[in-house]
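Just below is one structure, and these are the notes that go with it.
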Amino acid sequence: MTVLVVCEHIGWTWHHTAPAAAAVAGGAAVLAVVPWAVRHSWKVLVGTLVAGALLAALDYWVADFEQMTPVWTAPADHPAGARAVGDWLDGGLVVRARSDQVVAYRVATGAVAWRWSPPGTDVVCAMSRETGSGTGLVGYAHQEDPCLTAAAVNLATGTTRWTARLAAPQDDTVDLAEGPGRMAVAGDVAVLHDARGWYASGLSDGHIRWRAPSGPGCVPLIAGGGPGVVVTVDRCPHGAPRLTVMTAATGHIRWQAGLPVAGDLDHLAILSTAPVTVWTDEHVTRGLHAVLSYGDDGRLRARIPLSQSDMDLRIPLTDLPDIFPARPAYGAVTVGDTLVTSSEKPGDIHYSRDAHGPVRTAKGRLVAFSLTTGARLWTSPLDDHANGIAADGGGVWALTIDNAVRVDAATGHRTDSYILRDVWQVDQADLWHNLAGYLVIVCEDGTEQILEESAPVRVLH
């Protein structure tokens with residue numbers, strides 16, 4: 001197993017326990033038999049001590065075997081204020097976008113495959129959540145202007161296939177209209193918007209394939225793509241925001257439904273297109289803050305509140321849109337009809353002091369819910385809060401400060417656990433898994449070098 005780390009900033013230090021555990025195991029073995037050895041002879045005593053030392057060394061080697069070590073590290077970001085705005089994993093490339101440039105690294109070697117920058121002084125302000133047909137969508141604009149130009153970037157070469165001019169929002173009171181998620185990739189089409197609503201263009205040539213008008217006065221909010229399907233949300237003058245599911249190849253409407261919200265939305269995200277799963281976060285305190293799941297007939301199947309009776313779900317692992325503003329990294333994945341996310345409880349993080357200074361102790365957990373019924377399926381403990389989460393076929397990976405663990409999505413049972421040697425991931429990162437067995441961790445801040453573990457991109461094995 002290989003882990004790729006693209007890092008955010010590092011702050012607090014934490015104690016590693018694997019060497020201590022090994023020493024304790026060996027020491028316990030020695031102490032258990034020393035009284036017996038003393039009663040026999042000094043030769044037996046010496047033999048016992050040697051055996052204990054060897055056992056401790058063996059224990060340490062076993063613990064060491066379960067660690068992942070760095071393979072390569074990308075150079076630190078410059079200038080000091082540089083931050084990543086989003087990222088992709090596409091085949092053998094990890095693509096990390098900053099506001100000023102997009103850089104593709106080869107996962108196996110760390111070599112830079114290409115760099116792409118928006119024209120002039122424009123900055124990257126949006127990215128499609130998905131890639132397809134070797135292409136990703138990047139939005140750019142002048143600093144502080146609406147994000148109204150889209151470029152289809154060839155991920156093999158870093159060249160621009162085509163560009164398109166988007167329409168300015170018709171309703172400037174809708175903050176989401178300028179946020180992430182207004183461009184998507186579904187198979188071989190790009191889903192964009194203009195003054196009339198949504199339309200799809202071929203990823204290879206930019207030619208328009210079909211249009212889906214939003215309706216009079218309606219504002220496109222977000223779009224998501226999946227195999228053969230496009231999911232959009234529009235806000236209209238009257239009624240609830242409208243969720244629409246279309247066939248990607250033709251734009252044929254499969255079904256529509258109103259989102260059960262009454263007021264303005266702070267955040268809205270399409271977490272999955274199969275099944276259609278949407279995170280809604282209303283502006284008002286007592287509004288809807290939940291994950292919604294829909295069936296193939298457009299009926300609402302499950303409503304999973306973020307505030308549970310005993311814990312709060314961490315769909316965003318940190319405050320949005322401050323982290324990865326062009327393509328946010330969410331702390332939730334779907335595996336079939338199961339939603340897996342992390343959660344926090346009061347008292348998860350505890351600080352104290354000992355003779356050596358401040359001490360931090362923590363715990364966390366993954367939790368799974370049925371997207372059919374909304375019922376909680378299982379809870380799996382972690383050694384700390386999850387800072388990244390990724391689906392892996394029938395499993396889910398979670399990243400904590402210095403550990404990567406995999407659990408079975410059906411049961412929550414832990415199947416793999418690794419200590420990340422020389423890497424402390426204190427804050428949120430984006431976590432990926434690919435078919436070659438790589439875990440990819442993408443961090444927003446790769447500039448700090450107070451600790452050597454901080455870097456924009458790192459691969460561990």
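Computed over the Cα atoms, what is the radius of gyration of the range 345-458 divided by 2.2 N^0.38 Å, N being its residue count? Please report the intermediate quantities before stating the final value.
Details: Rg = 15.6 Å, N = 114, 2.2 N^0.38 = 13.3 Å.
For the range 345-458, the normalised Cα radius of gyration is 1.18.
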| remark: FRET efficiency (I349, S204; Cβ distance; R0 45 Å; to 0.05) is 0.40
| What Kirkwood hydrodynamic radius, in Å, does the range 278-365 give when the mean of 1/r is taken over all pairs of distinct Cα atoms and then inverted? | 15.5 Å
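Ranking request for peptides 335-346, 121-132: highest mean number of other beta-carbon atoms within 10 Å first, then the rest in descending order. Before the final figure, lay out the partial values.
Values: 335-346: 19.6, 121-132: 22.7.
Final packing ranking: 121-132, 335-346.
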| field | For q = 0.18, 0.20, 0.22 Å⁻¹, Debye-computed log10 I/I(0) when each Cα of the range 208-303 counts as one equal scatterer | value | -0.80, -0.98, -1.18
| task | Report, in whole Å, the centroid distance computed from the Cα atoms of the range 178-248 and the range 67-93. | result | 31 Å
| field | Projected label distance in nm at D422 and Q308, using a 7 Å step from Cα toward the beta-carbon | value | 3.8 nm
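So for each of 140-148, 186-194, 430-438 I average, over its residues, the number of other beta carbons within 10 Å; can you give me the resulting order with the highest mean first? Don't skip to the end; give the middle numbers.
Details: 140-148: 16.1, 186-194: 23.3, 430-438: 19.3.
Taking the mean over residues of other Cβ atoms within 10 Å, the ranking is 186-194, 430-438, 140-148.
Can you give the extra length, in nm with one decimal, that the chain gains between R115 and H413 once fully stretched, where that is 0.36 nm per residue apart less the Cα-Cα distance?
Working: separation 298, 0.36 × 298 = 107.28 nm, distance 4.09 nm.
Contour length minus Cα-Cα distance gives 103.2 nm.
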| query | Taking the Cα-to-Cβ direction at S370 and at A168 and moving 7 Å from each Cα, how far apart do the two end points lie in nm? | reply | 5.0 nm
| remark: Each label sits 7 Å from Cα toward the beta-carbon; between W255 and R106 the label points are separated, in nm, by 4.7 nm
| task | Work out, step by step, the length gained on full extension between V359 and H283: first 0.36 nm times the residue separation, then minus their alpha carbon distance; give nm to one decimal. | result | 23.7 nm
| remark: Site H78, offset 7 angstrom along Cα→Cβ, radius 19 Å on amide nitrogen, limited to the range 112-141, gives 112-117
| note | Taking alpha-carbon centroids only, the range 365-439 lies from the range 265-335 a number of Å equal to 18 Å
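The numbers here are math on the coordinates, done by the rules we state, and not lab data. These figures come from a predicted structure and were not determined experimentally. Cβ: placed from backbone, ideal geometry, glycine included. Neighbour counts: every protein chain shown.
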